[in-house]
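Enquirer: Before anything else, here's the structure in question.
Please treat every number below as a calculation from the coordinates, not as lab data. A quick note: this is a predicted structure, and the numbers were derived from the prediction, not measured. Every residue, glycine as well, gets a Cβ built from its backbone with ideal geometry; the counts of neighbours run over all protein chains shown.
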Amino acid sequence: MKTNLLFWILFILFTTDICHGQREQRTYCNPMNLDYGFTPIPNFAAEGRHRATADPVITLYKGDYYLFSTNQMGYWWSDDLYRWKFISRSFLRPEHKVYDDLCAPAVWVQGDTLLVYGSTYTKTFPIWMNTDPKTGNWKEAVHKFQVGAWDPDFFLDTDGRLYLFHGSSNEYPLYGIEINRKNFAPIGNETDLFKLDDERFGWQRFGEYQDNTFLKPFIEGSWMTKHNGLYYLQYGAPGTEFSGYADGVEVSDNPLGPFKPQLHNPFSYKPGGFIRGAGHGCTFQDRYGNWWHISTVSISVKNNFERRLGLWPADFDNDNVLYANTAFGDYPHYLPTAHNMKLFKQNHTLNTFTGWMLLNYNKPVTVSSTFGDYTANNAVDESIKTYWSAETSNSGEWLQTDLGQLSTVNAVQINYADQDAAILGKANDIYHQYRLYYSLDNKNWTILKDKSTNQTDVPHDYVELQKPVKARYIKLVNVHMASGKFAISGLRVFGNGGGAKPDTVKNFVVLRTTYDKRSAWIKWQTVDNAYAYNIYVGIAPDKLYNCIMIYNANEYYFKGMDKELPYYFQIEAINENGVSQRTKILRSE
């Protein structure tokens, strides 16, 4: 009896939500809530100053995660993949342009040292080294790296040999070369690895509608991962501005090839939903051994290079197929924590989705004021490209959303937009302050979250509630803006509406003809009690790894196929209360 009692006491202690006086963060929501710098390039800010970064790399070093990305005048570190601390550090030398900081950086661990190298074709950028990167005290490992590379990736193989992969072009291939790991001199000549083949692979076609209008597609963003003796060389395509921006992968048993396309491609893909795009990233393991993929997501309104970062669970299946799970990719997902070390798997597919549904898609909105054409409904239309703006940044400006019914609320995401921001580059002393309220009757209000004394920059703040609440109305009240007017691209409320899940989709068809087997017209019958649909697509019935989220429509033109393969499709309907059963799997030749 004493042994059993001790067991249950220990069980309660180790599974409680209280950790050092604070509840452990269990979930996260894309886009990542980082204090993104504003674009430092004046020409890129001609249509409005705005936050921007891309091309992320995360590496695990001495038990912590280090995140580098384009033009941030520093980098972040975290011990949980959720709370990130920014380290201010310029990697410029006097001869560099003022905004020519780390662009699409390479980051790798060699022995006890973390190393960083930025994109350049001029062969003037150093390789930096540090054994205590939390201090920001970097030293030059090499003053001028003599290869010169854009979108570089350094890969240290398990046999101790070091390789460089790089390339960013719509004309030239990706390149690979071995590098001396002691003095970083090149060994031998560069090898041409592979180019895009958009005549075969539909997803590689350039443009928002993947029609190759205006330009040929770009290949960029090399990243190498080794798994079970195979080398997975990953790359971004066809253009960072577009919803279809994705990461593909080719596989070899040798680090310098020859490479063959993995049949499941692209492996990181998110063309629908609140945020879109999942290209130019990196694949890494967390401290518990789970695989993740971090990548670039697109806004591309004030400038083509207005972008953010997204984090997706990833894995290799039993056939050594690399895939990332972006289903419900901008809804709340579980983090790996001390209490939940391993990510979940169901039916051979990662399933970290919390099941908390979006409660206020296109629901009624009221606001304190409206600036210009930035109308209130833009805050609930599930597009990060549109936003509502108040007339001012004054304390007291507010936005209120009606959930339409009494619902269970588990989390709220607040996505700020940049309207009349005044910053170029990185500003470390800016912050957001607000109060978040909830109500049952639109008369009596209770504080849901008080951040009126917050001193941090939280452009995509995510509030996971310690305990869910019952509410019908949610109100966000501004106290202080980081820069510019009080503007919101998405006030997103997650939980459960308490009603019936949607009905199963009927009359689901995939129309694919010999005219262009890279493309298909997908149609289905509207489900009356649904606001969105997930289309799952893959190269086998048990490999439906890619997901396309569609709001308020019953058709989709899918242009992402390999014309030489059959494909398999399923669809499910979505509403505030959950997800329908999926349809039977369709095969399309």
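Enquirer: What lysines does K517 reach when the alpha-carbon gap must be under 19 Å and sequence neighbours fewer than 8 apart in one chain are set aside?
Expert: K559, K563
Enquirer: Starting from the Cα gyration tensor of the range 307-438, take the square roots of the eigenvalues, sort them a ≥ b ≥ c, and report rounded, prolate or oblate (rounded when a/c is under 1.5, otherwise prolate if a/b is larger than b/c, else oblate).
Expert: prolate
Enquirer: Taking a ≥ b ≥ c as the square roots of the Cα gyration tensor eigenvalues, with a/c under 1.5 meaning rounded and otherwise prolate when a/b beats b/c, else oblate, which class fits the chain?
Expert: Rounded is the answer for the chain, as its axis ratio a/c remains below 1.5.
Enquirer: Evaluate the distance, in nm, between pseudo-label points positioned 7 Å from the Cα of N189 and of N394 along their respective Cα→Cβ axes.
Expert: 7.0 nm
Enquirer: What distance in nm lies between label points placed 7 Å from Cα along the C-beta direction at T366 and S169?
Expert: Using points 7 Å along Cα→Cβ, the separation is 6.0 nm.
Enquirer: Ok, one more. Between A338 and K467, what is the FRET efficiency for a Förster distance of 22 Å, r being their Cβ-Cβ separation, to the nearest 0.05?
Expert: Efficiency computed from Cβ-Cβ geometry: 0.60.
Enquirer: Let me know the shape class of the range 391-525, please: from the alpha-carbon gyration tensor, a ≥ b ≥ c as square roots of the eigenvalues, rounded when a/c is under 1.5, otherwise prolate if a/b is greater than b/c, or oblate.
Expert: Because a/c hits 1.5 or more and a/b fails to exceed b/c, the range 391-525 counts as oblate.
Enquirer: Counting only other residues whose beta carbon sits under 9 Å from that of Q413, what net charge do I get with K and R as +1, D and E as -1?
Expert: Computed value for this residue: -1.
Enquirer: So, one more: Would you mind ranking E178, E199 so that the residue whose beta carbon has the fewest other beta carbons within 10 Å leads the list?
Expert: Ranking E178, E199 by Cβ neighbours within 10 Å, fewest first, gives E199, E178.
Enquirer: Under a Cβ-Cβ cut-off of 11 Å, what is the net charge of the residues other than I177 that fall near it, where Lys and Arg count +1 and Asp and Glu count -1?
Expert: Summing Lys and Arg as +1 and Asp and Glu as -1 gives -3.
Enquirer: Moving on. Enter the mean projected area of the convex hull around the alpha-carbon atoms of the range 509-588, in nm², rounded to one decimal.
Expert: 5.0 nm²
Enquirer: Calculate the all-directions average of the projected area of the range 79-236's alpha-carbon convex hull, and give it in nm².
Expert: Taking the Cα atoms of the range 79-236, their convex hull projects to 12.1 nm² on average.
Enquirer: Still on this structure, I have one more. Using r as the Cβ-Cβ distance of D429 and D197, and R0 as 56 Å, what FRET efficiency do you calculate, to the nearest 0.05?
Expert: Given R0 = 56 Å and the Cβ-Cβ separation, E is 0.70.
Enquirer: Dimensions of the range 227-297 along principal axes (Cα, Å, largest first)?
Expert: Between the extreme Cα coordinates on each principal axis of the range 227-297 lie 37, 31, 17 Å.
Enquirer: Which residues in the range 279-318 have a backbone N closer than 17 Å to a point placed 7 Å from the Cα of F214 along the Cα-to-Cβ line?
Expert: 298-307
Enquirer: Compute the convex hull volume of the Cα atoms of the range 169-307, divide it by the residue count, and report the result per residue in Å³ as a whole number.
Expert: Considering the Cα atoms of the range 169-307, their hull volume per residue is 150 Å³.
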